[in-house]
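Note sheet for the following structure.
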Amino acid sequence: RGQAAAAAAAAAAASTSSSSSKSIRRPTRSSIPKDVLIIGSGLAGLSAALHIVTTTTRHVTILDREDPQAQKIRTTAGSFAAAGMLAPQSERLPIGPLLDLCLESREMYGAFVENVEEWARNCGTEGERYLWKDDNTDDGEGTSNTSEGHNNLEPWEVGFTAAGGFLAPAFAGDAVATWAPPSQSGTARWLDAVQVRELEPQLHKDVVGGWWFPEDASVDARRLTCSLRAACVGAGVQFMCGEECEATSLDLSGGTCRGVRLADGRNLA
């Protein structure tokens, strides 16, 4: 959901002053110098990488055990399975820091998307191959990879929808019907049985009403992941992908991450 805190959990960084090359080198020394290392090229890792490389002079390298192109067809990556809900109110989050973070993130998401799409649109030939294409590619199990409902978008667009909001239908006596949204969480309106069907005619006959959250939004997580990757490539982020690049352990000393060991035995520091 665009939570800034998630990016920190996905990134493991190590700083040196000796790295200036963007190519992968294999020197005889015991470790390969890197500036900033991020483990994982999901939404959190890619977002962190794009922010760092476009707002600082640091050089960023992302490690991922999966091939980015193969990931479009079959993957275990959570970012490709996410529903894309940017909906802290619909999730009925309790009052507290997480709700505050999600509400602030939702307010920032439009500007975030504009930045990602701008970088992705101008990512160059190398970055363009990572963009999502609605080509109805089959995954071998009869499942289409088309982003349903977003077929008319440009390849760099992420399917961000901030109009219409979310509707949480309620059945008599259930958790939605007996719940009231926190007053400080944003606009929320209770719709009765008639009003709720004016908004969504196909609701089950036993629905007695529902909460409508007009400020909640959504994004196509697969498109966003692909656009972020293309944007990162265009911005100069280096990717090291494949099973041999899987991070197997961290070199931790004094509360600081000083290096990463890869599956093929290489050490990045």
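The values are calculated or read from the model by the stated rules, or taken from the named source; none is laboratory data. Given the structure is predicted, the values throughout are model-derived calculations rather than measurements. All Cβ positions, glycine included, derive from the backbone under ideal geometry; neighbour counts span all protein chains shown. Surface areas here come from the heavy atoms of the whole protein model, side chains and all, with no ligands, DNA or RNA. Shrake-Rupley method; radii C 1.70, N 1.55, O 1.52, S 1.80 Å.
Only one of the listed residues (TRP212, TRP179) is over 24 Å from the mean Cα position of the chain (by Cα), surrounded by 12 or more Cβ atoms within 10 Å (Cβ to Cβ) and among the aromatic types (Phe, Trp, Tyr). That residue is TRP212. Among the residues making up the stretch 176-222, those that are of a type in the set (D, E, K, R), touching a strand residue (DSSP E or B) at 6+ places or on another chain (Cβ under 8 Å) and in a loop (DSSP other than H, G, I, E, B) are GLU200, ASP206, ASP216.
Set side by side, the residues PRO97, PRO88 differ, and just one is farther than 25 Å from VAL53 by Cα and either of a type in the set (Phe, Trp, Tyr) or open to solvent by less than 50 Å² (accessible area, probe 1.4 Å) (or both), which is PRO88.
Can ALA188 be described as hydrophobic (A, V, I, L, M, F, W, C), out of contact with any helix residue (DSSP H, G or I) (no Cβ under 7 Å at 6 or more places or on another chain) and open to solvent by 50 Å² or more (accessible area, probe 1.4 Å)? Spelling it out, it is not the case that ALA188 is hydrophobic (A, V, I, L, M, F, W, C), out of contact with any helix residue (DSSP H, G or I) (no Cβ under 7 Å at 6 or more places or on another chain) and open to solvent by 50 Å² or more (accessible area, probe 1.4 Å). Filtered by the rule that a residue be assigned to a loop (DSSP other than H, G, I, E, B) and within 12 Å of LEU63 (Cα to Cα), the stretch 229-243 gives VAL237, GLY242. Criterion applied to GLY210, GLY186, GLY259, GLY254 was being without any contact (Cβ under 8 Å) to a residue 40 or more places away in the chain, more than 30 Å from PRO155 (Cα to Cα) and of a type in the set (Gly, Ala, Ser), and the one residue passing it is GLY254.
Could you tell me whether the stretch 124-137 includes any residue that is open to solvent by 50 Å² or more (accessible area, probe 1.4 Å), modelled with pLDDT under 65, out of contact with any Phe, Trp or Tyr (no Cβ under 8 Å at 6 or more places or on another chain) and not in a loop (DSSP other than H, G, I, E, B)? The answer is no, given that none of the residues of the stretch 124-137 is open to solvent by 50 Å² or more (accessible area, probe 1.4 Å), modelled with pLDDT under 65, out of contact with any Phe, Trp or Tyr (no Cβ under 8 Å at 6 or more places or on another chain) and not in a loop (DSSP other than H, G, I, E, B).
Residue-by-condition table, conditions (1) over 30 Å from ALA111 (Cα atoms); (2) surrounded by fewer than 21 Cβ atoms within 10 Å (Cβ to Cβ); (3) not small (Gly, Ala, Ser):
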| position | (1), (2), (3) |
| --- | --- |
| ASP174 | yes, yes, yes |
| ASP192 | yes, yes, yes |
| LEU228 | no, no, yes |
| ALA231 | no, no, no |
| GLU246 | yes, yes, yes |
